[in-house]
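The values are calculated or read from the model by the stated rules, or taken from the named source; none is laboratory data. None of the values given here were measured: they were computed from a predicted structure. Cβ sites come from the backbone with ideal geometry, for glycine too, and all protein chains shown count toward neighbours. Each accessible area value is taken on the protein alone, full model and side chains, heavy atoms only, with ligands, DNA and RNA left out. Shrake-Rupley method; radii C 1.70, N 1.55, O 1.52, S 1.80 Å.
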Protein chains: 2
Amino acid sequence: MPRWKPDAVDRLQDAALELFAEQGFERTTVAEIAKRAELTQRSFFNHFADKREVLFGMSAKLQEEVVREVEEADDAGPPLDTVVRAFGVVADKLLEQRRDVVARRYAVIAANPELLERELGKNAALTDAIADALRRRGCEPGAAFLAAGAAMLAQQAAFRTWTRPGETRTLRDLLPAAAEDLRTTVGAS
Amino acid sequence: MPRWKPDAVDRLQDAALELFAEQGFERTTVAEIAKRAELTQRSFFNHFADKREVLFGMSAKLQEEVVREVEEADDAGPPLDTVVRAFGVVADKLLEQRRDVVARRYAVIAANPELLERELGKNAALTDAIADALRRRGCEPGAAFLAAGAAMLAQQAAFRTWTRPGETRTLRDLLPAAAEDLRTTVGAS
């Protein structure tokens, strides 16, 4: 009874996330991941440089897409909204179909200080890249820095809601509300 | 001709920052730091667990003081302003007299991805601790998360200005303006 087999990348990612959650990131080997996915180590290394890459392989793609969306946005509104809209488009494309995988990935990262620092480094690089993209759109450097940081903050707030058990709204739905919450919190006087 | 000798901690810190800037963090040994400071390695280890501690030893103290200022603040204004004021008080106490050391420390960290990730981890811990303190003051969790993140962003913007060559205003002076800039950037529509 052959069962339907999803893509090797998905199977390896699922197997890795299961094992990281069960026994910790450090204690999991590539051999175990390949075995759980019913694939060879060679197949693993065809897709990932190492086990860390299973967690962070998406970062470059995500950054590239967000930056492109910001650069190509044709709205002339506040930079925070431009970035939040860009996040929404990219979330629909890259994250929405795998809420469960993304949430499990984050749980693994949050449980390991070293991985968390790596994740924070990726987020800082993304923030810088967004600020650069805003500058290329004519935004003044100081405002670009603040708008990029504020957008990351709204994105993190939306992400926290999105990964709550039972939550059904999409990230794209949640992002504008998070930006509004930030405006209220920051602007209240 | 004996010259005046500042505290061992200051001398070790100065020597370490000089060497990190000259030859990189990784390549600098505790033996070299002690020698440059005209002290023994034993004296170094009386004050620091390792060379990383020279860079991050202040983080715990800074977090403790900021959290206490937030908890003890008697104003009832927006949480962003409460935190920004707390940063100002602590900056006067811990950072203002050593602008040069703080700026050199940051340059060393920014030049080393591993140290930068560590710094980002410390900042994330500080943000969480501030959000917790705001919650203890009765702030709703979502607003506490956003206000703490926004305050960190304003603090980073103020810090960038403060460490510019020739800048003479204090961090405490610069912080409210940075918070205002954030309000303008985020609120503009």
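Please enumerate the residues belonging to region B:99-120 that are of a type in the set (Lys, Arg) and either outside any helix (DSSP H, G or I) or more than 11 Å from the chain's Cα centre (by Cα) (or both).
Step one: list which residues in region B:99-120 are of a type in the set (Lys, Arg), which gives B:99, B:104-105, B:118.
Selection gives B:104, B:118.
Would you confirm whether any residue within region B:90-110 is within 14 Å of another protein chain (Cβ to nearest Cβ), open to solvent by 50 Å² or more (accessible area, probe 1.4 Å) and small (Gly, Ala, Ser)?
Scanning region B:90-110 turns up at least one residue that is within 14 Å of another protein chain (Cβ to nearest Cβ), open to solvent by 50 Å² or more (accessible area, probe 1.4 Å) and small (Gly, Ala, Ser).
Can you name every residue in region B:157-183 that is closer than 26 Å to residue A:181 by Cα, within 8 Å of chain A (Cβ to nearest Cβ) and open to solvent by 30 Å² or more (accessible area, probe 1.4 Å)?
Residues satisfying the conditions are B:181, B:183.
Quick one: is residue A:127 within 17 Å of residue A:175 (Cα to Cα), of a type in the set (Val, Ile, Thr), open to solvent by 20 Å² or more (accessible area, probe 1.4 Å) and in the same structural domain as residue A:171 (by TED's automatic domain parsing)?
Judged against the criteria, residue A:127 is a match.
Any chance you could count how many residues in region B:136-156 are open to solvent by 20 Å² or more (accessible area, probe 1.4 Å) and without any contact (Cβ under 8 Å) to a residue 40 or more places away in the chain?
Going through region B:136-156, the residues open to solvent by 20 Å² or more (accessible area, probe 1.4 Å) turn out to be B:136-143, B:145, B:155-156.
Filter once more, so that each one left must be without any contact (Cβ under 8 Å) to a residue 40 or more places away in the chain: B:138, B:140-142, B:145, B:156.
Counting residues in region B:136-156 that are open to solvent by 20 Å² or more (accessible area, probe 1.4 Å) and without any contact (Cβ under 8 Å) to a residue 40 or more places away in the chain gives 6.
Within region A:59-98, work out how many residues are closer than 14 Å to residue A:173 by Cα and either not assigned by TED's automatic domain parsing to the domain that holds residue A:154 or not aromatic (Phe, Trp, Tyr) (or both). Reasoning before the result, please.
The initial filter retains those residues of region A:59-98 that are closer than 14 Å to residue A:173 by Cα, namely A:81, A:84-93, A:95-96.
So of that shortlist, the ones also either not assigned by TED's automatic domain parsing to the domain that holds residue A:154 or not aromatic (Phe, Trp, Tyr) (or both) come out as A:81, A:84-86, A:88-93, A:95-96.
Number satisfying all stated conditions: 12.
Among the residues of region A:121-137 satisfying the criterion of being away from chain B (no Cβ under 14 Å) and of a type outside the set (Lys, Arg), which is nearest to the chain's Cα centre (by Cα)?
Applying the filter and picking the extreme gives A:129.
Condition check ((1) at pLDDT below 95; (2) on the phi < 0 side of the Ramachandran plot; (3) surrounded by 11 or more Cβ atoms within 10 Å (Cβ to Cβ)) across all residues:
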| position | (1), (2), (3) |
| --- | --- |
| B:2 | yes, yes, no |
| B:14 | yes, yes, yes |
| B:31 | no, yes, yes |
| B:36 | no, yes, yes |
| B:47 | yes, yes, yes |
| B:58 | yes, yes, yes |
| B:68 | no, yes, yes |
| B:76 | yes, yes, no |
